[in-house]
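To start, the structure under review is shown below, and the notes come after it.
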Amino acid sequence: MIKRIYLFAAIFLTFASTILAQSPWELKKDQNGILIYTRPSKTSKYNELRAVFDLPGTYDQLRAVLNDVTNYKTWVYATSASSLVERKSETEIIYYSQISAPWPVSNRDFYSDTRIWIDSANHQMRLSSRNLDHFPPSKSVRIAHLQAEWTITAPTSTTLHVEYMLVWDPGGNIPAFIANGLCTSGPVQSFTQLKKKMSLITQQVVANRSAR
């Protein structure tokens with residue numbers, strides 16, 4: 001009897017984990033041409049996030065914006081400061097970022113190892129970012145886990161299509177409902193500002209060409 005109970009429990013857990021692994025994305029926001037989806041995480045109480053949107057511009061223009069770490073505060077939601085720690089190569093950087101959180105949540109920070117490269121075989125530009133945990137603590141709460149993936153394609157010579165994935169754990173004791181709420185509203189604001197930034201860049205390129 002006990003063996004049967006253990007067998008049933010094992011089957012149930014396997015089934016549950018399979019269902020969770022296949023949890024469909026749920027559309028949470030459709031705003032400014034930005035689609036935000038979430039689904040339960042397999043490893044934490046904080047939802048995974050997926051964003052899909054288009055940008056004006058080229059790979060080189062977007063890569064320049066993504067490499068301009070010190071100006072992240074002009075478009076990345078709630079970023080109060082960011083700085084380059086090390087440029088390891090043409091495709092890899094380490095940077096530090098501070099995040100302002102609404103009261104009563106404590107501010108967050110993190111160090112990130114970020115790589116940006118062209119995937120020629122699949123005709124894509126890729127960005128992969130992971131938090132680093134070996135740096136000394138600060139007055140802010142250190143984000144416990146951060147993994148972001150960008151897959152960018154170029155449907156035309158002047159437009160980009162972006163698919164963004166985020167898995168995270170903000171650290172500390174922030175309630176899941178607060179973190180999951182910020183997880184949907186923050187990216188909309190970030191990517192709306194990124195659209196504006198890329199639009200200004202492309203407009204300036206056109207203006208410079210016309211002036212020649």
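Out of Ala154, Ala121, Ala148, I need the residue that is touching a residue at least 40 places away in the same chain (Cβ under 8 Å) and among the aliphatic types (A, V, I, L, M). Which one?
Exactly one of Ala154, Ala121, Ala148 is touching a residue at least 40 places away in the same chain (Cβ under 8 Å) and among the aliphatic types (A, V, I, L, M), namely Ala154.
Looking only at the range 7-19, decide whether some residue is loosely packed, with under 12 Cβ neighbours inside 10 Å, under 25 Å from Gly181 (Cα atoms), within 18 Å of the chain's Cα centre (by Cα) and modelled with pLDDT under 95.
No; the residues of the range 7-19 include none that is loosely packed, with under 12 Cβ neighbours inside 10 Å, under 25 Å from Gly181 (Cα atoms), within 18 Å of the chain's Cα centre (by Cα) and modelled with pLDDT under 95.
Return the total of residues in the range 65-81 being surrounded by fewer than 17 Cβ atoms within 10 Å (Cβ to Cβ), assigned to a helix (DSSP H, G or I) and without any contact (Cβ under 8 Å) to a residue 40 or more places away in the chain.
Qualifying residue count, the range 65-81: 3.
Looking at Ser210 and the list (1) modelled with pLDDT of 95 or more; (2) hydroxyl-bearing (Ser, Thr, Tyr); (3) out of contact with any Lys or Arg (no Cβ under 8 Å at 6 or more places or on another chain), which single condition is not satisfied?
(1)
Would you point out which residue out of Thr159, Thr184 is within 22 Å of Pro40 (Cα to Cα) and of a type in the set (Val, Ile, Thr)? Explain how you work it out, then say what you get.
On the way: Thr159 fails: within 22 Å of Pro40 (Cα to Cα).
When all the criteria are applied, what remains is Thr184.
Can you name the residue in the range 158-182 that is in a helix (DSSP H, G or I) and out of contact with any Pro (no Cβ under 9 Å at 6 or more places or on another chain) and is also surrounded by the fewest Cβ atoms within 10 Å (Cβ to Cβ) among such residues? So that I can check it myself, show each step before the final result.
Going through the range 158-182, the residues in a helix (DSSP H, G or I) turn out to be 176-182.
Within this subset, residues satisfying the condition of being out of contact with any Pro (no Cβ under 9 Å at 6 or more places or on another chain) are 176-177, 180-181.
Working: Ala176: 14, Phe177: 9, Asn180: 18, Gly181: 13.
That would be Phe177.
Kindly evaluate Lys197 against the criterion of being among the charged types (D, E, K, R) and closer than 25 Å to Tyr37 by Cα.
When the stated conditions are applied, Lys197 passes them.
Consider Leu132 carefully, then state whether it is farther than 17 Å from Gln61 by Cα and at pLDDT 95 or above.
Working: farther than 17 Å from Gln61 by Cα: yes; at pLDDT 95 or above: yes.
So Leu132 fits the description; yes.
Scan the range 82-93 residue by residue and report those that are of a type in the set (Gly, Ala, Ser) and either modelled with pLDDT under 95 or exposed (fewer than 15 other Cβ atoms within 10 Å of the Cβ) (or both).
Ser83, Ser89 - these are the residues of the range 82-93 that are of a type in the set (Gly, Ala, Ser) and either modelled with pLDDT under 95 or exposed (fewer than 15 other Cβ atoms within 10 Å of the Cβ) (or both).
Looking at the range 29-40, which of its residues are in contact with a helix residue (DSSP H, G or I) (Cβ under 9 Å, 6 or more places away or on another chain) and either within 15 Å of Ser190 (Cβ to Cβ) or outside any strand (DSSP E or B) (or both)?
Lys29, Gln31, Asn32, Gly33, Ile34, Ile36, Pro40
How many residues are touching a strand residue (DSSP E or B) at 6+ places or on another chain (Cβ under 7 Å) and at pLDDT below 90 when one looks only at the range 20-49?
Number satisfying all stated conditions: 2.
The values are calculated or read from the model by the stated rules, or taken from the named source; none is laboratory data. Since we're looking at a predicted model, the values are computed, not measured. Methodologically, a virtual Cβ is constructed for each residue, glycine included, from the backbone with ideal geometry; neighbour enumeration extends over all protein chains shown.
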